[in-house]
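Remarks on the structure that follows.
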Amino acid sequence: MLRMQLLPARLIKPRAIASRPASSALPSSSSPPAAGAGAGATTTLEDVAANRKGLAKVVLKKGKTQVFKNGNPMVYSGAVDRIIGRPPPKTGDAVLVADGSERPIGWGMYNSVSMFCVRLMQLEEEATRDPSYALNMETLLEARLDAAVDLRQSMGLPSDDTNVYRLVNSEGDRLSGLIVDVFGDVAVIASSAAWIEKYKEEIEFLVGRVRNVNHIKWRPSIDILKEEGLEISYQGNPGSSSCPGRVKVMENGICYLISLEGQKTGFYADQRESRHLISSISRDRRVLDVCCYSGGFALNAAFGGAKDVIGIDSSSPALELAKENIQLNKLDPGRISFLREDATEFMKGAAARNESWDVVILDPPKLAPRRKGAASMAGRRITVLRQAGVACDHPIDPSYPEGAYLTNFLLRVL
């Protein structure tokens with residue numbers, strides 16, 4: 001029987017974050033409203049809101065409430081009937097979210113221009129169980145970060161052979177829009193919501209308490225934040241001049257040099273389990289890794305005993321990292337190589353030469369207009385051997401299926 005033990009959070013002793021006024025007094029958690037309270041009884045959030053001058057209420061349209069009560073955190077503007085409050089709320093403000101009869105169902109962070117009007121942070125029943133987080137973003141942030149650390153520790157992350165992992169996965173860790181990846185002693189924070197930019201100082205402080213994190217790099221998602229109504233120019237993290245541009249990390253015993261200026265946050269940690277799978281099926285096989293980036297799949301194939309590995313990518317900087325990773329892992333350069341090629345042209349040339357491989361990894365931009373048409377376009381039949389998604393340190397909220405952004409298949413080509 002598998003037993004999972006939650007260990008203490010890897011955080012140093014906390015200290016107060018003195019960057020914003022403290023929230024107003026909260027009701028005692030020892031006496032929450034009775035479950036059978038009548039319609040006239042106030043809710044926990046209403047009690048807290050009574051002490052918050054100017055707190056706005058976002059009222060949902062009739063018939064639009066249940067999906068959010070069920071846990072979907074993204075209140076889109078089309079679901080909103082009206083906003084009660086003068087002056088009206090500003091982007092980054094905490095607001096109540098209420099049903100058509102104006103009874104609160106939760107609270108979240110407001111945005112006046114985004115298609116997501118509110119990102120829900122806590123539901124009413126959660127506030128009833130523990131009022132200390134109600135309408136208090138600072139305390140909620142600390143609790144959610146602690147929970148994220150505990151979860152990764154229960155998965156054995158980091159470990160002696162893996163020190164690259166995702167610490168916070170947006171909606172999956174109930175911090176919508178926030179991504180934190182850890183690479184050795186560097187934490188890269190990717191911001192894609194206006195509220196995150198507002199609470200940047202608090203987030204950096206909390207992430208900086210995580211054990212072994214010595215550097216923090218802030219990477220705002222410029223295009224997404226523009227849709228959130230923010231104009232931000234990415235100029236690195238001026239407060240972290242000591243943060244290295246490249247970092248050496250380890251995943252499943254394989255070493256990687258990664259660039260913190262690279263794609264996403266610098267490394268595709270979500271593919272860790274799929275890379276390990278490739279290692280397990282590559283022995284004595286010829287392997288082709290198309291759109292290989294810095295060589296993650298190719299390196300795993302080589303470690304798995306492949307007799308010949310070729311990685312293809314169009315990015316020179318990525319390939320330079322891939323070639324350095326060969327040396328870093330003391331692999332035989334006669335058995336693994338990387339080529340700068342356009343993926344489509346390379347595959348056309350391989351087909352013309354009637355060249356084939358035993359294992360082909362394909363992780364490209366969209367190539368076929370329809371997934372169902374890909375096999376027929378090639379004149380081949382396929383069977384699906386395995387379907388998987390992100391690594392387990394990328395939790396997904398089932399109430400927000402849009403968070404399941406990655407699907408990969410192990411296919412047998414007939």
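Below, the figures for the structure above:
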quantity: Residues located in the range 298-318, provided they are part of a helix (DSSP H, G or I), within 25 Å of the chain's Cα centre (by Cα) and not small (Gly, Ala, Ser); calculated: Leu299, Asn300, Pro317
quantity: Strands (runs of 3 or more DSSP E) (entirely within the range 334-414) containing at least 1 residues that are surrounded by 15 or more Cβ atoms within 10 Å (Cβ to Cβ) and modelled with pLDDT of 95 or more; calculated: 336-340, 359-362, 408-413
quantity: Residue that is modelled with pLDDT of 95 or more and at positive phi, where the choices are Asn214, Asn252, Asn163, Asn169; calculated: Asn252
quantity: Which numbered condition Gln122 misses (of (1) surrounded by fewer than 18 Cβ atoms within 10 Å (Cβ to Cβ); (2) within 26 Å of Ile179 (Cβ to Cβ); (3) touching a Gly at 6+ places or on another chain (Cβ under 8 Å); (4) without any contact (Cβ under 8 Å) to a residue 24 or more places away in the chain); calculated: (1)
quantity: Selection status of Ile105, more than 28 Å from Phe205 (Cβ to Cβ), modelled with pLDDT of 95 or more and surrounded by 19 or more Cβ atoms within 10 Å (Cβ to Cβ); calculated: yes
quantity: Members of the range 280-296 found to be more than 15 Å from Ser259 (Cβ to Cβ) and of a type in the set (S, T, N, Q), listed by number; calculated: Ser280, Ser282
quantity: Matching residues, the range 310-368, being small (Gly, Ala, Ser) and more than 18 Å from Gln263 (Cβ to Cβ); calculated: Gly334, Ser337, Gly349, Ala350, Ala351, Ala352, Ser356, Ala368
quantity: Matching residues in the range 166-196 - criterion: being under 16 Å from the mean Cα position of the chain (by Cα), under 16 Å from Ile216 (Cβ atoms) and not aliphatic (A, V, I, L, M); calculated: Arg166, Asp181, Phe183, Ser191
quantity: Selection status of Ala298, at negative phi, buried (at least 17 other Cβ atoms within 10 Å of the Cβ) and touching a Leu at 6+ places or on another chain (Cβ under 6 Å); calculated: no
quantity: Residue under evaluation Lys330, criteria (1) basic (Lys, Arg); (2) touching a Phe, Trp or Tyr at 6+ places or on another chain (Cβ under 7 Å); (3) in a loop (DSSP other than H, G, I, E, B), criterion not met; calculated: (2)
quantity: The lone exception for Leu328 - which of (1) aliphatic (A, V, I, L, M); (2) surrounded by 17 or more Cβ atoms within 10 Å (Cβ to Cβ); (3) more than 27 Å from the chain's Cα centre (by Cα) it fails; calculated: (2)
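The values are calculated or read from the model by the stated rules, or taken from the named source; none is laboratory data. Note that the structure is predicted; figures quoted are calculated from it, not measured. Glycine also receives a Cβ, built like all others from the backbone with ideal geometry; neighbour counts cover every protein chain displayed.
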